[in-house]
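Engineer: Following this message is one structure expressed as structure tokens.
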Amino acid sequence: MVYEKKFIEEPLLRYTIMKFLEKQLDRNNLANIDIQRTPIVTRITLELMNASRIIGRRSGIIHKLTETLQNEFNIKNPQISVAEVKNPALEPKIVGRRAVKMLEMGKKARSILHFLLREIISNGAKGAEIVISGAMSKGSRAKKMRVIAGLIPKAGELTRLVREAHVTSISKYGAIGIFVRIVSPETVFHDKANIQIELPKVIKAAQLDENTKIGV
């Protein structure tokens, strides 16, 4: 019974910690959180776009986060390390936030999908899928738009190779969900050595203005 309780509590604690860190670090473009617990220490690795804001000499964010995790979450000896995101265009959470920003700026959902998919694939991804669902305009019904390119495993062990994130945009028409799935360039499919991705012309030609630079 003790083991069953621990089995249930562990994922819940991880989820709670991740949501807390996401809320605290949202402005710093948090991309990924990795939590590894041992009997002696809990190692937490944060991947951010603006890591210098966190690890700068004048920044006390790490110290405050460590104290909160230790005192409020009862985490034994938390150790937080920070890493810079290597390629924002290949981070599902950051791509999702870019979509949110563009939607809130009033850009068309279909153009956003095409633009972001092209950016992901042009940065070497072996597969990508973006789904936007919700009411897109005044008086319209909720609908779903989806674009996909390359290989995206949907079942079996290969699904572990897919990185994904879900974010929500609160527009004047209601909540809009953005779901992003990306297969990184380093992923190896043993049954498909060479993957050639040919995007449709409408996606290749997708353009938005300078306010859509990588980053949010």
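Engineer: Give me the orientation-averaged projected area of the Cα convex hull of region 39-88, in nm², one decimal.
Structural biologist: Quarter of the Cα hull surface area: 3.9 nm².
Engineer: Suppose every Lys and Arg Cβ carries +1 and every Asp and Glu Cβ carries -1, with no other charges. What dipole size does the chain come out with about its Cα centre, to the nearest 20 debye?
Structural biologist: I would put it at about 720 debye.
Engineer: Going highest first, how would you order 115-124, 92-101 by mean Cβ packing within 10 Å?
Structural biologist: Taking the mean over residues of other Cβ atoms within 10 Å, the ranking is 92-101, 115-124.
Engineer: Could you work out the helix-only [θ] at 222 nm for the chain, with each DSSP H run of four or more residues adding -39,500 (n - 2.57) and the total divided by the number of residues, to the nearest 500 deg cm²/dmol?
Structural biologist: Mean residue ellipticity, 222 nm, calculated: -10000 deg cm²/dmol.
Engineer: Cα-Cα over 20 Å: which of 108/144; 86/201; 86/107?
Structural biologist: Check vs 20 Å cut-off fails for 86/201; 86/107.
Engineer: Which entry is the computed mean projected area of the Cα convex hull in nm² for this structure: (1) 12.4; (2) 15.5; (3) 18.5?
Structural biologist: (2)
Engineer: With springs only between Cα atoms under 10 Å, which of 65, 158, 25 fluctuates most in a Gaussian network model of the chain?
Structural biologist: Among 65, 158, 25, the largest mean-square fluctuation in the Gaussian network model of the chain belongs to 158.
Engineer: With no solvent and one point per C-alpha, what does the Debye sum give as log10 I(q)/I(0) for region 88-212 at q = 0.12, 0.15, 0.17, 0.18 Å⁻¹?
Structural biologist: For the requested q values the scattering log ratios are -0.44, -0.67, -0.84, -0.92.
None of the figures in this text is laboratory data; all of them are computed from the coordinates on show. Please read these numbers as outputs of a predicted model, since none were measured by experiment. Positions of Cβ are backbone-derived with ideal geometry, glycine not excepted, and every protein chain shown enters the neighbour counts.
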